[in-house]
Amino acid sequence: MPEKLEPMLAKLSPKLPTPDDAWGFEFKWDGIRAVAFVEGGIVRLQSRTGENITARYPEVHAMGRALGSNEVILDGEVVALDEKGRPSFEEIQQRMGLTAESEIRRKMKEVPVTYMVFDLMWHDGHSQMEQPYIERRKALAQLKLAGASWQTPPYEAGGGQAMKDASARAGLEGVMAKKLDSKYEPGKRSGAWQKIKNRNRQELVIGGWLDGEGKRRGYPGALLVGYYKDGKFVYAGKVGTGFTDKILDELNAKLKPLALDKNPFDVGAPPRAAHFVKPKVVAEFEFVEWTRGGQLRAPAFKGFRVDKPAKEVVREGG
């Protein structure tokens, strides 16, 4: 069994793909991507960046015993569900960066997680990655993965619009569309997998901030954010909403040690009064649309993404 495996990635699409009956549709889970390696009843979780995150999510460890003698590699998302059973990115953030066992155990009680499994790449000594998606899903269903902290959410062959409508009614982020005959391509952002969102969200890198005023004096009043294109750091605008007092404290703690005396943006013109930082911190933002000038319209901060390398952050959706 491979020691590491990069997860397959999806391309953002503004609409559902056609023909409808050539695609499988799943709900999109707003959490932390994790590849699970299970051998001899032991679970090892790997993040999208290749980091071993097993210790962070003890709830998932018992999935190894549930799989018995099965040797598998699974793809899925670790999510924290809110009181209505919806994945909450704000909640999962509380578990993302923890390393101390005592802190992890304490947070387990406050913010329990569930591993949503949606693909099977390896089973009992054999790669499943050349098998079509529809066959991998059949093999995954036969494992009957349904426990207190792990589930195998269903998919639908066809019926994309009905599933997208259901996701919007349930307050979910959107749907994933996967070609029924597509193979699993590790580490590749493939058009065979597409994500269709109910709201615009974009991961961006923080390149600076503007001073806050009034109650925010001493804290960032707005963040200056950007993304990478052809190796250049592109300015995408400023974000001044979505911050709690706790987030403002975290921003100060994360950004002040990264202070930079020059503008890190290669393209675009941030405000002159900016404090610049090394572009290391990645966060997720919700917004209405991209303007013609290439900036975010009405953006709001949603949360940090410690699982995403800054250099991999690109503008989604063209």
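Of note:
- Number of residues in the stretch 166-197 that are in contact (Cβ under 8 Å) with a residue 60 or more places away in the chain, under 14 Å from residue 25 (Cβ atoms), in a strand (DSSP E or B) and not charged (D, E, K, R): the value is 7.
- Taken as a whole, the structure places residue 47 among residues that are of a type in the set (S, T, N, Q) and under 20 Å from the mean Cα position of the chain (by Cα).
- Test result for residue 268, on the phi > 0 side of the Ramachandran plot and buried (at least 17 other Cβ atoms within 10 Å of the Cβ): yes
- When residue 96 is tested against (1) at pLDDT below 95; (2) under 24 Å from residue 199 (Cα atoms); (3) out of contact with any strand residue (DSSP E or B) (no Cβ under 8 Å at 6 or more places or on another chain), just one condition goes unmet, and that condition is (3).
- Scanning the stretch 136-165 for residues being in contact with an Asp or Glu (Cβ under 9 Å, 6 or more places away or on another chain) and either among the basic types (Lys, Arg) or outside any loop (DSSP other than H, G, I, E, B) (or both) gives a total of 10.
- Residue in the stretch 51-71 that is surrounded by fewer than 18 Cβ atoms within 10 Å (Cβ to Cβ), among the aliphatic types (A, V, I, L, M) and either without any contact (Cβ under 8 Å) to a residue 40 or more places away in the chain or farther than 30 Å from residue 129 by Cβ (or both) present: no
- Members of the stretch 104-120 that are in a strand (DSSP E or B), in contact with a Ser or Thr (Cβ under 7 Å, 6 or more places away or on another chain) and aliphatic (A, V, I, L, M): 117
- Matching residues, the stretch 56-69, being assigned to a loop (DSSP other than H, G, I, E, B) and at pLDDT 95 or above: 57, 67
- Filter result (of a type in the set (D, E, K, R) and over 18 Å from residue 18 (Cβ atoms)) within the stretch 139-173: 144, 169, 173
- Count of the stretch 105-139 residues which are closer than 20 Å to residue 82 by Cβ and of a type in the set (Val, Ile, Thr): 3
- Exactly one residue out of 276, 301, 243, 233 is touching a helix residue (DSSP H, G or I) at 6+ places or on another chain (Cβ under 8 Å) and either of a type in the set (Ser, Thr, Tyr) or not in a loop (DSSP other than H, G, I, E, B) (or both): that is 301.
Condition check ((1) touching a residue at least 24 places away in the same chain (Cβ under 8 Å); (2) assigned to a loop (DSSP other than H, G, I, E, B); (3) surrounded by fewer than 21 Cβ atoms within 10 Å (Cβ to Cβ)) across all residues:
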residue: 18; (1), (2), (3): no, yes, yes
residue: 21; (1), (2), (3): yes, no, yes
residue: 25; (1), (2), (3): yes, no, no
residue: 33; (1), (2), (3): yes, no, yes
residue: 37; (1), (2), (3): yes, no, no
residue: 43; (1), (2), (3): no, no, no
residue: 49; (1), (2), (3): yes, yes, yes
residue: 78; (1), (2), (3): yes, no, no
residue: 99; (1), (2), (3): yes, yes, yes
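The values are calculated or read from the model by the stated rules, or taken from the named source; none is laboratory data. If you're wondering where the values come from, they're calculated on a predicted model, not measured in any experiment. Every residue, glycine as well, gets a Cβ built from its backbone with ideal geometry; the counts of neighbours run over all protein chains shown.
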